[in-house]
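Q: Encoded as structure tokens, here's the structure I'll be asking about.
Derivation of every value follows stated rules applied to the coordinates shown; laboratory data play no part. What you see is a predicted model, and the numbers here were worked out from it, not measured in a lab. Cβ placement follows ideal geometry from the backbone for every residue including glycine, while neighbour counts extend to all protein chains displayed.
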Amino acid sequence: MKPLILTALLILGCNSEGPQYCYSGNYETLKRYDLDFSAQTPGGIWVDPTGQDIDLAKIDTLTDELESCLGTRINRECIGVKIPDDWFVSECSGEELLPIPAPPELCDAKGLPRDCGSYWRVETQDDNIIVTPPGLKLYKAELARIVTGENNVWVVPQITACLQ
């Protein structure tokens, strides 16, 4: 009987399908990507690399840095990372972008030319999945958004200081 109970606890305690949904920010999903969490960082964050070679340890390092700076525990079982294969590099800015149109006025405010288009560099899907190109440039900002519940992390000095 004891082996049966132990086996059941192990099965119920392990999540092999991806992150749990324990952060809820009610963020709008701009583009819905299919998810296949086929990798996991050494620290336990689920990753869907979409067949790309991704530095999983870098995701843990960035997460550890944010956690330390914010002074709060980040529940890694509740975070997923999707690296889509349709990202591209902007000819105007050199930034890695997602093929998700952004409001042109946001690019105007940054002084980017309109003839390049306006696209997001990161997004949140389903409140806890960070969709980012492989460079992970804005990974910490989006992670901070999820774990703090602050929609615009760039206007909160205590959070902004942690995004460097």
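Q: Please work out, to two decimal places, the log10 of the ratio I(q)/I(0) at q = 0.12, 0.19 Å⁻¹ from a Debye calculation in which every Cα of the chain carries one identical scatterer.
A: Debye curve over Cα of the chain, log10 I(q)/I(0) at q = 0.12, 0.19 Å⁻¹: -0.56, -1.28.
Q: Same structure, new question: Among residues other than T50 whose Cβ falls under 10 Å from its Cβ, what is the net charge (Lys/Arg +1, Asp/Glu -1)? Write down the numbers at each step before the final one.
A: On the way: positive: K82; negative: D34, D36, D48, D85, D86.
Net charge in that neighbourhood comes out at -4.
Q: What does the net charge come to around C107 if you take all other residues with beta carbon closer than 15 Å to its beta carbon, with K and R at +1 and D and E at -1?
A: Computed value for this residue: -2.
Q: Can I ask one more? Can you list residues whose amide H is under 5 Å from T50's amide H, if they're 5+ apart or on another chain and H is modeled 1.01 Å from N?
A: Amide H to amide H, under 5 Å and 5 or more residues apart or across chains, T50 pairs with I83.
Q: Summing Lys, Arg as +1 and Asp, Glu as -1, what charge do residues with Cβ under 15 Å from the Cβ of D60 carry, D60 excluded? Walk me through the intermediate numbers first.
A: Details: positive: K58, R73, R76, K140; negative: D55, D64, E65, E67, E77.
Taking every other residue near D60 into account, the sum is -1.
Q: Where the centre of each part is set by its Cα atoms, how far does the stretch 110-164 sit from the stretch 25-62, in angstrom?
A: 15
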